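Asks: Quick one: the structure is below, and I'll ask about it shortly.
The values are calculated or read from the model by the stated rules, or taken from the named source; none is laboratory data. Fair warning: this is a prediction, and the values are worked out from it, not measured in the lab. Here Cβ is always computed from backbone atoms with ideal geometry, including for glycine, and neighbour counts include all displayed protein chains. What goes into the accessible areas is simple: the full protein's heavy atoms, side chains included, and nothing from ligands, DNA or RNA. Shrake-Rupley method; radii C 1.70, N 1.55, O 1.52, S 1.80 Å.
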Amino acid sequence: MSLARLTIALRAAALGVVLVGSSCASTPPLPTAPARPYDDSVLTMLVRYTAKEACSCAFVMDRDDDYCRAWVKASPSLATPSFDRARRRTRATALGVFAADAQWVDNQVGCALVTP
Amino acid sequence: MLVVSALLLAAFGTADAEACPSREIFPTTDWQTKAAPSSSATAALEAFAFSLTGADEERKGIRTDAVLIVKGGVVVYERYARGFTRDTRHLTWSVTKSLTGVLAGVGVRRGLVDLSASICSYVDGLPQASCGITVEHLLTMGSGLDWQESYEEDESLLHSSVLIGLYGSGQRDLGVFNARHALRDPPGTSWRYSSGDSATLSRVLRKAMAPTLGERFLWPTLLQPIGAENGTVELDGAGTMVGGSYWYATARDAARLGYLALNDGCWRGERLLPAGWMAASTTPNSAYLKKRVGAGADDVYGRHWWLNRPVPDIGQKAPWPAAPEDLFAARGHWGQSILVIPSTDTIIVRFADDREAGAFDLNRFIPLAQAVADTGAAEELR
């Protein structure tokens with residue numbers, strides 16, 4: 001195992017702790033005086049990043065699925081986007097538990113996350 | 001008539017500050033173009049900017065998607081790569097900040113935005129501690145709020161206000177999220193580059209301008225007048241333009257923002273920005289001069305524009321010594337830039353996907369692009 005792969009594996013393991021720790025938490029309120037680190041789930045942010053940027057890549061920048069998969073690839077590469085070109089919508093999932101959707105709205109305002 | 005004006009100007013020594021700079025060429029539905037001839041200058045530019053220097057899948061090296069050069073109001077060079085075209089909108093990341101800053105100028109020009117007003121006079125529900133922050137403080141990245149500007153390279157993603165603001169809990173109302181950070185310094189006493197300040201500025205502009213101009217006020221007040229109406233500008237969860245990012249533009253449309261700035265905020269003789277706005281925007285701002293927090297070696301800042309001016313009082317050299325000192329720039333993540341050089345009447349737009357920090361040297365690129373601009377312009381004169 002290369003050092004890079006080991007690093008990714010260790011980071012993924014660390015993310016697993018975040019997953020266990022916060023996957024059941026309801027959406028927290030806007031913090032009044034954010035302390036760092038913020039009380040967010042890295043994996044939730046990762047799927048939201050992937051869904052939103054994949055949507056904009058596909059439907060604002062007009063690039064194809066392969067290009068957009070590469071465009072949104074993050075490290076660690078745990079989130080996978082899928083493209084619904086007919087509905088101009090994307091979904092990203094990670095570890096079978098985390099998911100986020102983004103929807104193209106119109107030419108002026110592009111894509112936005114679909115909040116559950 | 002012109003002679004009389006010139007004589008009057010000479011006699012009284014001042015021009016009407018409201019007057020627009022004289023300029024005959026403006027793009028209409030599209031730019032005038034004059035393709036630069038192939039030359040040693042274009043070859044040198046392309047060898048530097050368009051030769052991938054690393055394996056594509058590893059995202060190493062210089063990954064240019066577009067270069068567009070405008071000289072004297074005419075496109076003299078344009079090349080696209082990696083699947084992008086003249087018609088493709090490209091994510092500009094923080095280049096958007098300069099668009100938001102210019103939009104603030106539009107709001108001031110229209111009497112809807114007061115730079116000296118507290119942000120709390122525009123946006124409801126902000127913490128009392130943030131009410132000492134003015135619109136001017138946001139424009140100069142001088143709010144003093146303890147926003148953490150870091151991106152995906154940071155090992156600790158949960159320390160990044162940017163990532164929390166775009167993809168985490170702050171996304172629901174990014175401008176308010178920024179204002180809820182603790183104050184690191186009193187407003188106006190220090191500078192720190194902050195996507196949060198741009199977001200709060202965008203929040204202010206929405207409150208000031210949308211009631212009379214509609215939620216899509218950016219288009220009729222700015223993008224349509226300069227012919228960049230095909231731009232996409234994305235919103236946060238509250239429906240506010242993100243402000244610090246998410247303007248998607250073609251290279252030709254990005255150049256229009258540069259051309260507006262180059263022409264002192266005037267477009268076809270119509271003044272869109274207040275007289276003096278661009279001069280103030282391209283002068284190191286007062287918060288910056290007092291104290292810089294987390295500043296890099298290349299950081300000289302005006303009002304939502306990066307500058308190339310040396311600031312001897314603080315020991316700051318010009319960031320790009322190979323470029324004219326009057327250059328100012330909109331700059332974004334992964335190598336996006338709009339470079340405006342008044343002294344050579346040149347605008348250079350570059351879009352890219354540079355994922356390797358430091359792979360692209362702007363100080364090498366600018367003179368190469370300027371040489372192409374000068375070659376193209378010389379050709380036109382023949």
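Asks: Being among the hydrophobic types (A, V, I, L, M, F, W, C) and assigned to a loop (DSSP other than H, G, I, E, B) narrows it down to one of B:Leu115, B:Leu103, B:Leu68, B:Leu99, so name that one.
Replies: B:Leu115 is the lone residue from the list that is among the hydrophobic types (A, V, I, L, M, F, W, C) and assigned to a loop (DSSP other than H, G, I, E, B).
Asks: Out of all the residues in segment B:228-251, which are open to solvent by 20 Å² or more (accessible area, probe 1.4 Å) and touching a residue at least 12 places away in the same chain (Cβ under 8 Å)?
Replies: B:Asn230, B:Gly237, B:Ala238, B:Gly239, B:Met241
Asks: Among A:Ala74, A:Ala92, which is under 23 Å from B:His90 (Cβ atoms) and modelled with pLDDT under 95?
Replies: A:Ala74
Asks: Could you please find all residues in segment A:77-100 being crowded, with 19+ Cβ neighbours inside 10 Å and in a strand (DSSP E or B)?
Replies: Answer for segment A:77-100, where residues must be crowded, with 19+ Cβ neighbours inside 10 Å and in a strand (DSSP E or B): A:Ala79, A:Pro81, A:Phe83, A:Arg89, A:Thr90, A:Arg91, A:Ala92, A:Ala94, A:Phe98, A:Ala100.
Asks: Surrounded by fewer than 20 Cβ atoms within 10 Å (Cβ to Cβ) and either over 16 Å from the mean Cα position of the chain (by Cα) or not β-branched (Val, Ile, Thr) (or both): is that true of B:Ala329 in this structure?
Replies: no
Asks: Just need a number here: residues in segment B:85-106 that are surrounded by fewer than 23 Cβ atoms within 10 Å (Cβ to Cβ) and either farther than 24 Å from B:Gly302 by Cβ or out of contact with any strand residue (DSSP E or B) (no Cβ under 8 Å at 6 or more places or on another chain) (or both).
Replies: Residues flagged as surrounded by fewer than 23 Cβ atoms within 10 Å (Cβ to Cβ) and either farther than 24 Å from B:Gly302 by Cβ or out of contact with any strand residue (DSSP E or B) (no Cβ under 8 Å at 6 or more places or on another chain) (or both) within segment B:85-106 amount to 4.
Asks: Can you pull out the helices (runs of 4 or more DSSP H) entirely within segment B:180-299 that have at least 2 residues that are at negative phi and charged (D, E, K, R)?
Replies: B:195-213, B:251-262
Asks: If only one of A:Ala74, A:Ala58 is closer than 21 Å to B:Arg82 by Cα, in contact (Cβ under 8 Å) with a residue 12 or more places away in the chain and part of a loop (DSSP other than H, G, I, E, B), which one is it?
Replies: Unique residue meeting the criteria: A:Ala74.
Asks: Count, please, the residues in segment B:152-170 that happen to be surrounded by fewer than 24 Cβ atoms within 10 Å (Cβ to Cβ) and facing chain A (nearest Cβ under 7 Å).
Replies: Qualifying residue count for the region: 5.
Asks: Within segment B:174-208, track down each residue that is touching a helix residue (DSSP H, G or I) at 6+ places or on another chain (Cβ under 8 Å), within 13 Å of another protein chain (Cβ to nearest Cβ) and more than 17 Å from B:Thr100 (Cα to Cα).
Replies: B:Phe177, B:Ala179, B:Arg180, B:His181, B:Ala182, B:Leu183
Asks: Let me ask something additional. Scan segment B:214-227 for residues that are open to solvent by 10 Å² or more (accessible area, probe 1.4 Å) and either closer than 20 Å to B:Thr250 by Cβ or touching a residue at least 60 places away in the same chain (Cβ under 8 Å) (or both) and jot them down.
Replies: B:Arg216, B:Pro220, B:Gln224, B:Pro225, B:Gly227
Asks: If you go through segment A:61-71, how many residues are outside any loop (DSSP other than H, G, I, E, B) and within 25 Å of B:Leu157 (Cβ to Cβ)?
Replies: So the count comes out to 5.
Asks: If you take the residues of segment A:33-55 that are in a loop (DSSP other than H, G, I, E, B) and more than 7 Å from chain B (Cβ to nearest Cβ), which of them is surrounded by the most Cβ atoms within 10 Å (Cβ to Cβ)?
Replies: Going through the qualifying residues, I end up with A:Ser41.
Asks: Also, I was wondering about something else. Just give me the residues in segment B:118-144 being closer than 21 Å to B:Ala238 by Cα, touching a residue at least 24 places away in the same chain (Cβ under 8 Å) and either in a loop (DSSP other than H, G, I, E, B) or within 14 Å of chain A (Cβ to nearest Cβ) (or both), in sequence order.
Replies: B:Tyr122, B:Val123, B:Gly125, B:Leu126, B:Pro127, B:Ser130
Asks: Limited to segment B:182-202, what total is found for residues that are open to solvent by less than 10 Å² (accessible area, probe 1.4 Å) and more than 22 Å from B:Val113 (Cβ to Cβ)?
Replies: Counting residues in segment B:182-202 that are open to solvent by less than 10 Å² (accessible area, probe 1.4 Å) and more than 22 Å from B:Val113 (Cβ to Cβ) gives 1.
Asks: When segment B:47-65 is examined, which residues are found to be in a loop (DSSP other than H, G, I, E, B), open to solvent by 50 Å² or more (accessible area, probe 1.4 Å) and of a type in the set (A, V, I, L, M, F, W, C)?
Replies: Within segment B:47-65, B:Leu52 is the sole residue that qualifies.
Asks: Select from segment B:279-298 the residues that are closer than 28 Å to B:Arg89 by Cβ and either open to solvent by 10 Å² or more (accessible area, probe 1.4 Å) or over 14 Å from the mean Cα position of the chain (by Cα) (or both) and write down the one among them that is modelled with the highest pLDDT.
Replies: By that ranking, first place goes to B:Thr282.
Asks: How many residues does segment B:25-46 hold that are part of a loop (DSSP other than H, G, I, E, B) and either in contact (Cβ under 8 Å) with a residue 40 or more places away in the chain or open to solvent by less than 70 Å² (accessible area, probe 1.4 Å) (or both)?
Replies: The total comes to 12.
Rundown of residues vs (1) out of contact with any Ser or Thr (no Cβ under 8 Å at 6 or more places or on another chain); (2) within 12 Å of chain B (Cβ to nearest Cβ); (3) aromatic (Phe, Trp, Tyr); (4) within 18 Å of B:Val162 (Cα to Cα), yes/no style:
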residue	(1), (2), (3), (4)
A:Cys57	yes, yes, no, no
A:Ala70	yes, yes, no, no
A:Leu78	yes, no, no, no
A:Asp84	no, no, no, no
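Asks: Right, here's the next one. I'm trying to understand the selection: among the residues of segment B:299-317, which are of a type in the set (A, V, I, L, M) and either more than 23 Å from B:Gly196 (Cβ to Cβ) or surrounded by fewer than 19 Cβ atoms within 10 Å (Cβ to Cβ) (or both)?
Replies: Listed by number, the residues that qualify are B:Val311, B:Ile314.
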